[in-house]
Amino acid sequence: RVNLIHHLIDHASNRFIDNIKAVYTGSLNQALLEDGSVADKIVQTFKQVGYQHVFNHQEVQNLELQGHRIITGLLDIYHRLLQLSGNQFNNLTQGNSQGMSYAALLLNRVDSKIIKAYRQSVEQQSLDHELWEFYYRCRLIQDHVSAMTDHSALDEYKLLTVAD
């Protein structure tokens, strides 16, 4: 197993180096191991075995469905922050939650580092400010949810949907 992993890593590393310009310009439109090589065939075999013998089991599919529902549910809940105007959200990040108590409660659940990154990004943006502000707000929510572990996402979902 170790030798096989080393072979795959070496092959991917060599492909990366051989295609460094395409990687940097973003024009390499394939995975490093998708090249018809022996390494590619090994990966395809692993995928086929995984699909046939692991991912088709009922309990794995149940976990996949639960995870999808949890993430979708959290995004639906935090979507409320996207319904605010840019000015309202800016006020909220500065502690002015007048008339937005539910949104303030949601924002209080977001890590202060993520909020700080949002504010810095918005302050640095001068062109098409409204569009970029909304983009960074979407990123704030995405970063918040994606930073959660499986267990913390489940706990957050249960708490916010009052499902315990």
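For every residue, the table says whether it meets (1) touching a residue at least 24 places away in the same chain (Cβ under 8 Å); (2) out of contact with any Lys or Arg (no Cβ under 6 Å at 6 or more places or on another chain); (3) among the β-branched types (Val, Ile, Thr).
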site	(1), (2), (3)
1	no, yes, no
13	no, yes, no
32	no, no, no
72	no, yes, yes
83	no, yes, no
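Between 127, 140, the distinction of being part of a helix (DSSP H, G or I) and among the aliphatic types (A, V, I, L, M) belongs to 140 only. Within the range 27-34, the presence of a residue that is assigned to a helix (DSSP H, G or I) and out of contact with any Pro (no Cβ under 6 Å at 6 or more places or on another chain) is excluded.
Every residue, every condition in (1) of a type in the set (S, T, N, Q); (2) farther than 17 Å from residue 147 by Cβ; (3) modelled with pLDDT under 95, yes or no:
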position: 50; (1), (2), (3): no, yes, yes
position: 55; (1), (2), (3): no, yes, yes
position: 76; (1), (2), (3): no, yes, no
position: 79; (1), (2), (3): no, yes, no
position: 83; (1), (2), (3): yes, yes, no
position: 124; (1), (2), (3): yes, yes, yes
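Specify the residue that is surrounded by the most Cβ atoms within 10 Å (Cβ to Cβ); the eligible residues are those in the range 38-65 that are hydrophobic (A, V, I, L, M, F, W, C) and closer than 19 Å to residue 4 by Cβ. Taking the candidates together, the pick is 39.
The values are calculated or read from the model by the stated rules, or taken from the named source; none is laboratory data. As the structure is a prediction and not an experimental result, all values here were calculated from the model. Heads up, the Cβs are rebuilt from the backbone with ideal geometry, glycines too, and the neighbour counts pull from every protein chain shown.
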